[in-house]
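Below is one structure, written out as structure tokens; comments come after it.
The values are calculated or read from the model by the stated rules, or taken from the named source; none is laboratory data. What you see is a predicted model, and the numbers here were worked out from it, not measured in a lab. We place every Cβ from the backbone using ideal geometry, glycine too, and count neighbours over all the protein chains shown. Just the protein is used for accessible areas: all its heavy atoms, side chains included, with ligands, DNA and RNA removed. Shrake-Rupley method; radii C 1.70, N 1.55, O 1.52, S 1.80 Å.
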Amino acid sequence: MLKPARSKKEKDPEGRMPLADHLRELRNRLAKAMLAITITSIAAAFYSQELMDFLSSPVERCPKGVMETGGKCATIVYNDLLSPFTTTVKVVLMAGIVLSCPVWLYQLWAFVAPGLHRNEKKYTYYFAAAAVPLFAAGVYVAYLIMPVSMKVLLSITPDPAANLLDVDKILDFTVRMVLIFGFSFELPVLLIMLNAAGVVTGRRMAGWWRGVVMGIFVFGAIATPSTDPLGMIALSGPIIVLYFLAVGIALLNDRRRRRKDPDAELDDDEASAVDLTPAPIGEVEALTSTRAALPEQAGGDSGARQQRLNGYDDIT
């Protein structure tokens, strides 16, 4: 009897496949991710006004029909004819990317996961579980500090002038603050990942603390769009706390690694300790063999020949 043909090829347990199949799978994953972003963006378009109000909420607005001078408030305007359309498209697309992140992140993971080992998959789950709340915490801190930062910047305006802020500029400011704060909070995840891979030890990370603290403050002064001391401290302070938390976790991981493998932290050119303590070898067992005696064993008395045949001769 003829066996029915299989509709699908059997998958390799190690995730290996030809290059054409890899490209075909990548195309399918990208298509599913783009479809999810498109559908979510279309749904977000119905709430574009609410999204615009949410993104511009950190700005202290002047009452309608009133243009006050000085740094008390600001009036939000569009500078050209296409600005309302382009700004709405940006906001809707950004909302679609953010809201559909579970789908396209899963597609990315499903494409990469077959090439990972079991322990690598386990660590990836841990890192992903920690990265999401840390990014959300960075976004939350950004929205807490943005109204204060904008108020500080608006207060610099001299009294004869009024503040007219373009919506595109407000959107760029908000997105930069959110992304900078969100990704900066991922620093401990990156450090712990390097420690888990054996690239850097917790003791070495702890020795970097002076330079790291200085670098974080410099980064906070340059990266924050508001360029005010409050924004710099709000960004640098939590990152420094998270850095020392990552150092503590790395030290605990190194201690656990030393218990399992004492030579885990040795350099490539460093020899491990050799235990030269003599150990008992036990009784010598007799060597039983059915082979014929060698020519040099043929002569001599029978006692010596029997001793050599029992395994006491180094030559045999």
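Diffusion of the stretch 118-168 by Stokes-Einstein, at 25 °C in a medium of 0.890 mPa s and with Rh set to the Kirkwood radius over alpha-carbon pairs, works out to 169 µm²/s. Quick one: net charge around D80, please, counting Lys, Arg +1 and Asp, Glu -1 for every other residue with C-beta under 10 Å from its C-beta. Combined, the nearby Lys, Arg, Asp and Glu give -2. Each peptide in 76-86, 91-101, 178-188 receives the mean, over its residues, of other Cβ atoms within 10 Å, and ordering these scores from highest gives 178-188, 91-101, 76-86.
Projected onto their three principal axes, the Cα atoms of the stretch 185-224 cover extents of 32, 20, 11 Å, largest first.
Give me the accessible area per residue for the stretch 77-159, probe 1.4 Å, as a whole number in Å². Before the final figure, lay out the partial values.
Values: 5380 Å² over 83 residues.
I get 65 Å² per residue for the stretch 77-159.
Here the scattering of the stretch 78-213 is modelled by Debye summation over its C-alpha atoms, one equal scatterer each and no solvent; at q = 0.10, 0.21, 0.22 Å⁻¹ the log10 of I(q)/I(0) is -0.55, -1.32, -1.37. Computed with a 1.4 Å probe on the full set of protein chains, the accessible area for T40 sits at about 30 Å². Quick check on the stretch 36-154: take the gyration tensor over C-alpha atoms, sort the square-rooted eigenvalues as a ≥ b ≥ c, and tell me if it's rounded (a/c under 1.5), prolate or oblate. Oblate.
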